[in-house]
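The values are calculated or read from the model by the stated rules, or taken from the named source; none is laboratory data. The structure presented is a predicted model; accordingly, all values stated were derived computationally and were not measured. FYI the Cβ positions are ideal-geometry reconstructions off the backbone, even for glycines, and counts take in every protein chain you see. Side chains included, ligands, DNA and RNA excluded: accessible areas come from the protein's heavy atoms. Shrake-Rupley method; radii C 1.70, N 1.55, O 1.52, S 1.80 Å.
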Amino acid sequence: MSLSPAQLDRIAYRRRQTVISVLIAAASTLVVGVLLAVGLTGAPGWDRVRESFFDLSVARDALPDVAAGLWLNVRLLVFCALGALALGLLIALLRTLRGPVFFPVRALATGYTYTFRGLPLIIVLYVLTLGVPGLRLEGMPSVLVLGGIALVITYAGYLAEVFRAGIESVHPSQLAAARSLGLTYRQTMRHVVLPQAVRRVAPPLLNDTVALQKDVGLVSLAGPIDAVRAAQISTAETFNYTPYIVAGVLFVLLAMPLIAVTDWVTLRAARRQS
Amino acid sequence: MILSVQGVRKVFGSHRVLDGLDLSVDEHQVVALIGASGSGKSTLLRCVNLLEDIDDGMIWLDGEHITDPRVNPDKVRQRIGIVFQSYNLFPHMTVLENITLAPVRVHRRSAKEAADAAREWLTRVGLAEKADAYPDRLSGGQQQRVAIVRALINSPRLLLLDEVTSALDPELVGEVLSMIRDLKGEGMTMVLATHEMGFARQVADTVCFLDGGKVLEQGPPEQVFGDPSEPRTRQFLSRIIEAGRL
Ligand SMILES: Nc1ncnc2c1ncn2[C@@H]1O[C@H](COP(=O)(O)OP(=O)(O)O)[C@@H](O)[C@H]1O
Ligand SMILES: [Mg+2]
């Protein structure tokens with residue numbers, strides 16, 4: 001296939017433009033980077049900042065403990081995310097139940113989402129991890145499990161609303177089509193409404209999971225040695241805040257793949273809508 | 001008689017959309033509903049399929065009073081097929097999954113048996129190679145034919161068609177109409193709401209003109225189109241002729 005001179009000229013022109021754009025971007029990045037570095041290191045007090053937050057030897061000493069603590073965060077995140085998704089979906093489904101028999105169930109599910117979206121997570125955490133063990137009941141789960149439960153029940157409140165928004169976004173004509181085929185209400189929910197709803201709300205669900213992965217660090221308030229708690233211990237030993245920075249960097253690194261997946265899913269969903 | 005609609009009333013707010021409407025449909029009969037936009041054609045079809053509750057009157061299907069509140073509507077809908085103007089295929093399912101959903105979940109046929117029946121239907125309507133495609137990869141005419149197959153595979157006693165060609169580009173209308181013509185040849189009992197007067201004339205045994213919430217005039221197409229007795233019908237038809245649709 002031979003191209004006309006006009007097309008060859010267009011291709012050559014676009015290629016030149018691309019090269020120029022890349023060069024401009026590189027130069028601009030370099031200038032901004034140098035300005036930032038000079039501004040930061042030249043600022044008064046930079047030496048003290050570096051000592052208390054970016055002390056490399058302190059970082060090296062703290063890293064093993066903080067990383068070990070992070071493993072706990074990771075495990076907690078996986079269980080809490082799965083638990084909150086399951087409970088959130090259940091509550092969203094309970095809110096869609098119809099008929100007078102289910103009135104109390106619907107009311108409870110609605111009350112649940114109102115309560116746990118309004119209640120600060122920290123209060124739920126304190127009540128469950130500090131208050132409940134004080135009851136000295138038989139077979140009390142560990143503080144860690146209680147902290148996990150606090151995260152699950154709080155996040156389930158948000159996720160239930162996300163699922164419900166998804167369920168309501170499915171057009172009534174889809175329900176009519178399913179019912180007209182003789183499917184029962186439950187079969188319609190199961191095979192027609194939910195699959196579409198979940199696909200549509202995958203981006204906000206993942207976003208809440210990113211938020212959850214940060215809040216998992218709050219269980220340190222109750223004592224379990226996760227990354228945040230490990231950093232706190234090492235800070236108390238050295239009177240240096242570098243371990244917190246280490247923990248922070250690890251959290252960000254941990255979140256990156258999840259955030260990348262979220263962005264990708266969101267982009268794909270947006271493209272499918274258009 | 002398969003379907004008998006007796007004095008049905010349907011009110012939205014203060015608007016009486018159906019106001020004591022009577023209609024009967026015999027086996028193998030094709031009835032075309034015509035009337036201005038908003039005259040209640042879709043509402044009537046939705047009432048027959050129990051997608052809307054009626055406010056008065058009765059609807060009978062095969063000698064059973066289906067608007068009796070003790071009747072299970074899911075069981076009634078299993079015997080009636082309906083196809084909508086906007087196709088309403090399930091976007092997350094392939095063509096084959098769309099068609100086999102009800103046979104497998106409602107009629108308890110095996111997945112294999114249902115898929116075989118679905119492929120046979122798709123071959124008949126020239127869509128065999130689309131079995132595994134998702135609806136958004138199909139043209140409007142293809143989607144609508146899939147929607148008709150989805151309704152037909154459950155062997156309904158009665159097929160309701162609600163302006164199944166109005167959302168289609170003109171060049172795609174023909175393929176859907178020819179499918180309906182074939183169904184008539186096979187003796188399928190149908191009630192169709194339509195704007196395609198030419199088609200209603202060809203395929204319908206009886207044409208019903210809806211106006212004021214009632215069937216104002218009905219008869220064979222030659223009579224209703226050729227020599228309408230009601231002034232309102234004449235007025236409606238002359239507007240249609242002006243719009244170039246007859
Ligand atoms: N769900 C509804 N709520 C309120 N009004 C409705 C509803 N469905 C239909 N209508 C009204 O009922 C009338 C008849 O509508 P429809 O049956 O769709 O007419 P047609 O199909 O003949 O164009 C219209 O005025 C419409 O606005
Ligand atoms: Mg209509």
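Whenever a residue of region A:250-274 is within 19 Å of residue A:200 (Cβ to Cβ), its partners that are open to solvent by 70 Å² or more (accessible area, probe 1.4 Å) and at pLDDT 85 or above, lying with C-beta atoms within less than 8 angstrom and at least six residues away or across chains, give the pairs A:262/A:207; A:269/A:199; A:269/A:200.
One line per residue, one yes/no per condition, for (1) within 14 Å of chain A (Cβ to nearest Cβ); (2) not β-branched (Val, Ile, Thr):
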residue: B:100; (1), (2): yes, no
residue: B:109; (1), (2): yes, yes
residue: B:137; (1), (2): yes, yes
residue: B:155; (1), (2): yes, yes
residue: B:185; (1), (2): no, yes
residue: B:190; (1), (2): no, yes
residue: B:193; (1), (2): no, yes
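Could you give every pair whose Cβ atoms fall below 8 Å, whose first residue belongs to region B:26-38 and is in the same structural domain as residue B:205 (by TED's automatic domain parsing), and whose second residue is assigned to a strand (DSSP E or B) and within 10 Å of ligand 2 (Cβ to nearest atom), counting only separations of at least 6 or pairs across chains? These pairs meet every condition: B:32/B:193; B:33/B:193; B:34/B:193. Of the helices (runs of 4 or more DSSP H) lying entirely inside region A:164-226, the ones with 3 or more residues being crowded, with 21+ Cβ neighbours inside 10 Å are found at A:172-180, A:194-215. Any residue in region A:195-213 that is of a type in the set (A, V, I, L, M, F, W, C) and within 12 Å of another protein chain (Cβ to nearest Cβ)? Yes: region A:195-213 contains one or more residues that are of a type in the set (A, V, I, L, M, F, W, C) and within 12 Å of another protein chain (Cβ to nearest Cβ). Out of region B:39-58, which residues are part of a loop (DSSP other than H, G, I, E, B) and among the β-branched types (Val, Ile, Thr)? Across region B:39-58, the qualifying residue is only B:54. Got a number for residues in region B:27-41 being small (Gly, Ala, Ser) and surrounded by 20 or more Cβ atoms within 10 Å (Cβ to Cβ)? Of the residues in region B:27-41, 4 are small (Gly, Ala, Ser) and surrounded by 20 or more Cβ atoms within 10 Å (Cβ to Cβ).
Is it true that residue B:69 is surrounded by 15 or more Cβ atoms within 10 Å (Cβ to Cβ) and either among the charged types (D, E, K, R) or more than 16 Å from ligand 2 (Cβ to nearest atom) (or both)? Judged against the criteria, residue B:69 is not a match.
Where residues in region A:111-139 are free of Cβ contacts under 8 Å to residues at least 40 places away in the same chain and surrounded by 13 or more Cβ atoms within 10 Å (Cβ to Cβ), which of them is farthest from residue A:161 (Cα to Cα)? Checked region A:111-139; the qualifying residue farthest from residue A:161 (Cα to Cα) is A:133. Can you find a residue that is among the small types (Gly, Ala, Ser) and either assigned to a helix (DSSP H, G or I) or surrounded by fewer than 18 Cβ atoms within 10 Å (Cβ to Cβ) (or both) anywhere in region A:253-264? Scanning region A:253-264, I find at least one residue that is among the small types (Gly, Ala, Ser) and either assigned to a helix (DSSP H, G or I) or surrounded by fewer than 18 Cβ atoms within 10 Å (Cβ to Cβ) (or both), so the answer is yes. Whether any residue in region B:168-188 is among the polar types (S, T, N, Q), crowded, with 17+ Cβ neighbours inside 10 Å, away from ligand 1 (no atom under 16 Å from the Cβ) and assigned by TED's automatic domain parsing to the domain that holds residue B:41 is what I want to check. No.
Do we find that residue B:54 is open to solvent by less than 20 Å² (accessible area, probe 1.4 Å) and closer than 30 Å to residue A:170 by Cα in this structure? No, not satisfied. Where in region B:73-134 are there helices (runs of 4 or more DSSP H), lying wholly inside it, with at least 1 residues that are open to solvent by less than 20 Å² (accessible area, probe 1.4 Å) and touching a strand residue (DSSP E or B) at 6+ places or on another chain (Cβ under 9 Å)? Output list reads B:73-77. Note on region B:2-26: among residues that are within 16 Å of ligand 2 (Cβ to nearest atom) and open to solvent by 30 Å² or more (accessible area, probe 1.4 Å), the one that is nearest to residue B:156 (Cα to Cα) is B:12. Looking at region A:61-108, which of its residues are within 23 Å of residue A:255 (Cβ to Cβ) and open to solvent by 70 Å² or more (accessible area, probe 1.4 Å)? Listed by number, the residues that qualify are A:63, A:64, A:65, A:71, A:75, A:78, A:79, A:82. Here residue B:154 meets each of (1) in a loop (DSSP other than H, G, I, E, B); (2) buried (at least 18 other Cβ atoms within 10 Å of the Cβ); (3) free of Cβ contacts under 8 Å to residues at least 40 places away in the same chain with one exception, condition (3).
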